[in-house]
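Since the structure comes first, as structure tokens, the remarks are kept for the end.
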Amino acid sequence: MFEGERAYGGKIFKSKEHSERLKNSANILDFEIPWSVAQIDAAKQFVIDKNNLPNAYVRPVAWRGSEMMGVSAQTNTIHLAIAAWDWPSYFDPAEKLKGIRIGLAEYRRPDPRTIPALAKAAGLYMICTISKHKAERAGYADAMMLDWEERVAECTGANIFFIKDGKIHTPIADCFLAGITRATVIDLAKRRGIEVIERRIMPEELSGFSECFITGTAAEVTPVSEIAQRKFTPGKISEALMADYTAEVQPKGEAAAA
């Protein structure tokens, strides 16, 4: 199990929510992380403070030990490690402003009856790595994945949103993670009075949307200009939510000073 988090100005954005999700993911995979949410939060803060990384990417990882090497691992010791490092924008800043290009992934998000799809588990990202590598070799920045029923799901490490007639549409997150950044951006949109519709989206609908953007801790809010030759024009809603998210992640003292 793992989490991806960002620190801004010395504070991890939504640290508690990430620690809660880490423990919940472990429970889905049938093990208990023996530290509380508060202890995990304190450990993450200690790592960025001691390493002088006020603006960092933070990666807690929890795993079973090696006492039992068979399929059964009920008595294995549970470990937790926390890493942090400088990590600027996930995408090239110039490319991000004009919108990134996205390809289509070969692999599908699996039926949640076949895999613990709502856990943030490393094994679930194998098809994401393969798909992103293939997309990058084709000149794209990322790949959009469909689900097992050929509906739009997400990108390889980010949730996806579309805009039509001033409303935001996004896939129902039932076979992939409903990201913490996703929830933040939905809230920011609603504060602006923008309607957000969570629904099934089919690939043939893409040509009817005017804007598209993706969200994630690493991606933050990133506009999209193309999905496999379907064009989008980053516009006012994408730009506004980029700005709103940038303001939202700043520690309150810094935001007030700004």
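The values are calculated or read from the model by the stated rules, or taken from the named source; none is laboratory data. The structure displayed is predicted, hence computed values, not measured ones. Cβ coordinates were reconstructed from backbone atoms using ideal geometry, including for glycine residues, and neighbour counts include every protein chain displayed. Note: areas computed on protein heavy atoms with side chains; ligands, DNA, RNA excluded. Shrake-Rupley method; radii C 1.70, N 1.55, O 1.52, S 1.80 Å.
Worth pointing out:
- Percent antiparallel among DSSP beta bridges (both partners in the range 44-178, rounded to 5): 75 percent
- Taking amide hydrogens as placed 1.01 Å from N in the peptide plane, the amide H of residue 109 sits under 5 Å from those of 146, 147, 148, each at least 5 positions away in sequence or on another chain.
- Accessible area of the range 1-80 belonging to carbon and sulfur atoms, whole % at 1.4 Å probe: 54 percent
- Residue-span extension gain [residue 113 to residue 129] - 0.36 nm each, minus C-alpha spacing: 3.5 nm
- Cα centroids of the range 212-229 and the range 52-70: 27 Å apart.
- Summed over the residues of the chain and divided among them, the accessible surface reaches 49 Å² per residue at a probe radius of 1.4 Å.
- Here the relative contact order of the chain, from alpha carbon pairs under 8 Å that lie six or more residues apart, stands at 18 percent.
- J(HN,Hα) series, the range 183-188, from Karplus relation 6.51 cos²θ - 1.76 cosθ + 1.60, nearest Hz, glycine and proline x: 4, 4, 5, 4, 5, 4
- Computed over protein heavy atoms with a 1.4 Å probe, the carbon and sulfur contribution to the accessible area of the range 117-177 reaches 57%.
- Segment residue 172..residue 149, full-extension length gain: 7.0 nm, with 0.36 nm per residue of separation and the alpha-carbon distance subtracted.
- With all protein chains modelled, accessible area of residue 30 [1.4 Å, Å²]: 120 Å²
- Between residue 49 and residue 78, the modelled labels are 2.5 nm apart [label points 7 Å from Cα along Cα→Cβ].
- Neighbour net charge for residue 78 - beta-carbon separation under 13 angstrom, K R +1, D E -1: -1
- For the pair the range 18-33 / the range 114-179, the C-alpha centres are spaced 21 Å from each other.
- For the residues 213, 13, a 1.4 Å probe over the protein chains yields an accessible-area ranking, largest first, of 13, 213.
- Local net charge near residue 136, Cβ-Cβ under 12 Å (Lys/Arg +1, Asp/Glu -1): +3
- Structure note, pairs 23/44; 120/231; 44/236; 164/231; 98/132; 16/50: Cα-Cα distances above 25 angstrom occur for 120/231; 44/236.
- Extending 7 Å from Cα along the Cβ direction at residue 42 and again at residue 89 yields two label points whose distance is 3.8 nm.
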